[in-house]
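What follows draws every value from the coordinates through simple rules; no lab data is involved. All values derive from a computational prediction rather than experimental measurement. Glycine gets a Cβ as well: all are built from the backbone with ideal geometry, and neighbour counts include every protein chain shown.
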Amino acid sequence: MKVFMLGWEFPPYISGGLGTACYGLTRGLDEVGVKVLFVLPTALPQGAGQAGPAAVSVVSAGPKTKGGAEEKGQGVFEHMEMRVLPAVLQAYGQPADYAKAVEKLRRLQAKGQWKAAGISIPIGALAPGALAGGYRGDLMGQVRRYATLAAQLALEEKFDVIHAHDWMTYPAGLTVAALTGKPLAVHVHSTEFDRSGEHVHQQVYDIERAGMHGADCVICVSHLTRSIVLGRYGVPAEKVQVVYNAVDPPKGGDFDVTPIRRDEKIVLFLGRITMQKGPEYFLRAAKKVVEKYKKVRFVITGSGDLIGSAVELTAALSLGRYVTFTGFLRGDDVDRVFRMADLYVMPSVSEPFGIAPLEALSHNVPVIISKQSGVSEVLTHVLKVDFWDVDEMANKILAVLRHPPLQRVLREQGQIELRKLSWRDAAQRCKVIYEQLAGAASVA
Amino acid sequence: MASVVFYFQVHQPFRLRRYSVFDSGTNYFDEQSNARVCQKVASKCYLPTNAVIAELIRAHQGRFKVSYSITGMAIEQFRRYAPEVLVSFQELAATGCVEFIAETYHHSLAFLYHRDEFMDQVQMHRRLVEDVFGQRPRVFRNTELTYNNDVAKLAEEMGFDVILSEGADHVLGYRSPNFLYVPPNCRRLALLLKNYRLSDDIAFRFGNRGWSEWPLTAGKFARWVDQINGNGYVCNLFMDYETFGEHQWADTGIFDFLRALPGKVMGIGDNDFLTISEAAARYPASGELDVPHMISWADIERDISAWLGNSMQANALYELYALADDVRASEDPQLIEDWRKLQISDHFYYMCTKYFADGDVHKYFNPYESPYDSYINYMNILDSVRARLARAKSARAG
């Protein structure tokens, strides 16, 4: 079994949970003996300005990077190869006319002429600045470019199934499927409704919808997401499956962890500073907490389009001395900030899954999550609140800060619960799906 | 001759209302849900089951006997929300075929933390039973059949003749719960142990269609009881009264089973029914049973881990009883009463994390979404009690 996997994030270049999920799933697939050809754009993480390299050298399609990110110390895969395509999928951001493009690719293939840069897929022009959520520049152009290059690559490779992660790779997945006739699974890590509320970007929605309807199987990260896929995208229920995300045990090794101030408890927010993640509710709860408990620091880690208004709200609530913004962190810095934390809070307004709470638990940090999250379907030994209920959020934050036995039991039970969530199991479920798809395809 | 000893436990906790750390009121109890549950269980269980028991006592002309323990918490709620239930229990008391036994008034774990408080609660309950049912209790059971040698010793010192506990395998070993025992260092106290296999056949398995013995008929059960002959004297069927109609719904046939059982049991040989005190008077103790560690009738562990199995429970109980001496000395009746209602063992049961993820019986009876929510709520209320105590203290000092 070999999978042609289309993603747009992979460690160390990540901006959120997708890269973590792709890495974990790929490693799990490796363990269960599924070969993965991972096709990655030369992605820059959103908000990489602070922490990441300013630019990544463009590697043309073709050079084989066996083991992917191994040189970064992320581990070595036995069955995985990685290809990096010269397309830049920068953000969380349609296939209008695949038939023509596919036809053109076929003609070129027949003539034995390949010229990647010259192929363009007709698609509606994008009005500049019309994209929400930080979709910069000519993202749609890059999505098309990635699709084209991926299609080109696919014709040179042998594989059984195509697996595409999130909307930016759906056009590539559809194109490759049309070209090769191989079954396509699209993996929904988040939908436009999660990212943008009711103000969806129509083009993004259309790409998502086309990808889901064009795929042979839609894999959702939670039942919450599955219900959105059924209800908002009208996908037939029988082809929509749920595969929960998981978490890796944290890397060993000692970090020099020095609290910001030793006599303060640290309450952590870690995620993009966007409407979806609910930073405002976190701050409003913080306000209520400090009325009762002063030796506390609220650390907000991440970047995003609401960072400015979050800082303003902090000032307006007179929370300056209790709140620290760290910007976007990655790698060891994420491990460090988790280790310093006494409590992790995920107040998301809408969270298809939410891997960060699992990471917090794996660092032995107690967790409060919003009930509006997919991860709340799999975790029972955590505290749960409605994201809008800032009184209850504050009540629970205070309880954790004030009652060490509560922290202790949440930690103990959380560790036990965490062991039930492994990427190997998630990969095993995907493998079953692949086998069904490949079996059905060979019969057809 | 095998004697069936039915003992039914009747209890309703005062459930707590949602109490945030930002709340400051002194009303801690969820009046609405307590009333609702009490009335629901009254109509599904207490009233219909009492009617069946009364009917059986009449039909068998006094040869059918049962025993009850009704907590102070349940009686207070009957008075408030379902007075007709109390009347029907009083009617049963008047038949002379029903024994009422004593426990802690507040269904508490006070024995583990505060002996004086424990004895006060037992006395309160004794007085209550005398007032309401006109009987001086001779039998004691500690909350949820929590028991060890020390509980027995103290019960004897307090003048009880009989004590009840669980026939747990790990204390009985090869011995049978169908005999009577005597606790070490006790001179006349008799110990009766629950036959958990036969009790749980009714209480837990009766309606389970996956059980190999389903459907359980009165005739079949009476034959199992009869098998005790030659290997014991008593068949101690101890269970929650809510088994009838609430845990086992009426449509399982549980009421028909109960209606038919006495006739079937007494129809074989000279098997009969006894109250607890009658059984203790008729049969001799077969030996001494040493129970150094706490046992109970809860969960498969049959220990106290359902209430004291994790750090939250230990902490909540510790903090509760840390206030004991000050509250008891406060001379503030409302404060003392609130503090005592916070001792109801159910509050700690809700904090249990055993099996929580599996969604079993702990979850079914739990008004909270999680054991953590329960602990947080409880500790917020304890804060309020502590604050009242501090105010009362400073007022008296001033």
**D (Stokes-Einstein, µm²/s), Kirkwood Cα radius, the stretch B:206-280, 1.567 mPa s at 4 °C** = 96 µm²/s
**Asked** So if R0 is 45 Å, what FRET efficiency would A:Gln415 and B:Gln334 give, r being the distance between their Cβ atoms, rounded to the nearest 0.05?
**Response** 0.55
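So for chain B: antiparallel DSSP bridges make up what percent, rounded to the nearest 5?
Values: 4 of 32 bridges.
Of the beta bridges lying entirely in chain B, close to 10 percent run antiparallel.
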**Prompt:** At B:Gln135 and B:Met119, where each label point lies 7 Å from the Cα along Cα→Cβ, what is the point-to-point distance in nanometres?
**Reply:** 2.6 nm
**Request:** For B:Ile101, enumerate residues with amide H under 5 Å from its amide H, sequence gap 5+ or separate chain, H modeled in the peptide plane.
**Result:** B:Tyr68, B:Ser69, B:Ile70
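Quick one: B:Glu76, B:Glu337, fewest Cβ neighbours within 10 Å first, how do they rank?
Values: B:Glu76 19, B:Glu337 13.
Least to most surrounded, the residues fall as B:Glu337, B:Glu76.
State which entries of A:Lys239/A:Lys277; A:Lys292/A:Lys384; A:Lys158/A:Lys420 exceed 32 angstrom in Cα-Cα distance in the structure shown. The partial results should precede the final answer.
On the way: A:Lys239/A:Lys277 29 Å; A:Lys292/A:Lys384 21 Å; A:Lys158/A:Lys420 34 Å.
Going by Cα-Cα distance, A:Lys158/A:Lys420 fall outside the 32 Å limit.
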**Complete:** Between B:Glu166 and residues 5 or more places away or on another chain, the pairs with built amide H atoms under 5 Å apart involve B:Lys194
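Rounded to the nearest 5, what is the percent of antiparallel bridges among the DSSP beta bridges in the stretch B:1-137?
Percentage antiparallel, nearest 5: 10.
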**Prompt:** Label-point separation (nm) for B:Ala390 and B:Asn185, each offset 7 Å from Cα along Cα-to-Cβ?
**Reply:** 4.0 nm
**Message:** To test your reading of the geometry: what angle, between 0 and 90 degrees and rounded to tens, separates the Cα axis of helix B:31-41 from the longest principal axis of chain B?
**Reply:** 0 degrees
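Round to the nearest 0.05 the FRET efficiency obtained for B:Lys220 and B:Tyr318 when R0 = 41 Å and r is the Cβ-Cβ distance. Intermediate values should be presented prior to the final figure.
Details: r = 48 Å, r/R0 = 1.16.
It comes to 0.30.
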**Under-5 Å amide H pairs with A:Arg83, H placed in peptide plane, nonlocal only** = A:Phe38, A:Val39, A:Leu40
**Request:** Determine the gain in length on full extension of the stretch B:Glu84-B:Asn208; use 0.36 nm per residue of separation and subtract their C-alpha separation, reporting nm with one decimal.
**Result:** 41.5 nm
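Suppose we keep just the DSSP beta bridges with both residues in the protein assembly as shown; what percent of those would be antiparallel, to 5? Could you put the intermediate results ahead of the total?
Details: 7 of 80 bridges.
Approximately 10 percent, going by the DSSP bridge assignments.
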**Asked** Does anyone have the angle between helix B:115-133 and the longest principal axis of chain B? Alpha-carbon axes, 0 to 90°, nearest 10?
**Response** 60 degrees
**Request:** May I ask for the equivalent-ellipsoid semi-axes of the protein assembly as shown, computed as the square root of five times each C-alpha gyration tensor eigenvalue and listed largest first in whole Å?
**Result:** 64, 32, 22
**Item:** In degrees, nearest ten, helix B:371-397 long axis to first principal axis of chain B (Cα)
**Value:** 60 degrees
**Message:** Quick check: Cα centre of the stretch B:176-255 to Cα centre of the stretch A:157-207, how many Å?
**Reply:** 61 Å
**Item:** Label-point gap, in nm, between B:Phe22 and A:Val443 - each point 7 angstrom along Cα→Cβ
**Value:** 5.7 nm
**Message:** Within 10 Å of each candidate Cβ there may be at most 10 other Cβ atoms; applying that plus a DSSP loop requirement, which chymotrypsin sites (Phe, Trp or Tyr not before Pro) in the stretch B:109-210 survive?
**Reply:** B:Tyr174
**Prompt:** So, how do all the Cα-to-Cα distances of chain B break down into 20 Å bins, in percent, from 0 on up?
**Reply:** 27, 59, 13, 0
**Item:** Cβ-based net charge around B:Met1, under 14 Å, with every Lys or Arg adding one and every Asp or Glu removing one
**Value:** -2
**Request:** Just add up the charged neighbours of B:Arg396: K/R +1, D/E -1, any other residue whose Cβ is under 13 Å from the Cβ of B:Arg396.
**Result:** 0
**Item:** Sum of side-chain charges, B:Ala168 neighbourhood, beta-carbon under 14 Å (Lys, Arg +1; Asp, Glu -1)
**Value:** -4
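As an exercise, identify the trypsin sites (Lys or Arg not before Pro) in the stretch A:395-436 lying in DSSP coil whose Cβ has no more than 15 other Cβ atoms within 10 Å.
Details: sites: A:Lys396, A:Arg402, A:Arg408, A:Arg411, A:Arg419, A:Lys420, A:Arg424, A:Arg429, A:Lys431; in loops: A:Arg419, A:Lys420.
Passing sites in the stretch A:395-436 are A:Arg419, A:Lys420.
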**Fill in**
Cβ density ranking, 10 Å radius, fewest first, applied to B:Glu84, A:Glu264 yields B:Glu84, A:Glu264
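What FRET efficiency comes out for B:Tyr174 versus B:Gln227 if R0 is 22 angstrom and r is the Cβ-Cβ distance? Round to the nearest 0.05.
0.80
If the limit is 19 Å between Cα atoms, which of A:Lys182/A:Lys431; B:Lys44/B:Lys220; A:Lys287/A:Lys371 go over it? It would help to have the intermediate numbers written out before the result.
Working: A:Lys182/A:Lys431 15 Å; B:Lys44/B:Lys220 26 Å; A:Lys287/A:Lys371 21 Å.
The pairs that break the limit, which is 19 Å between Cα atoms, are B:Lys44/B:Lys220; A:Lys287/A:Lys371.
Assign one of three labels to the stretch A:265-418, namely rounded, prolate or oblate, based on the Cα gyration tensor with a ≥ b ≥ c the square roots of its eigenvalues; rounded applies when a/c is under 1.5, prolate when it is not and a/b is larger than b/c, and oblate otherwise. Could you put the intermediate results ahead of the total?
Details: a/c = 1.39, a/b = 1.23, b/c = 1.13.
Verdict is rounded for the stretch A:265-418.
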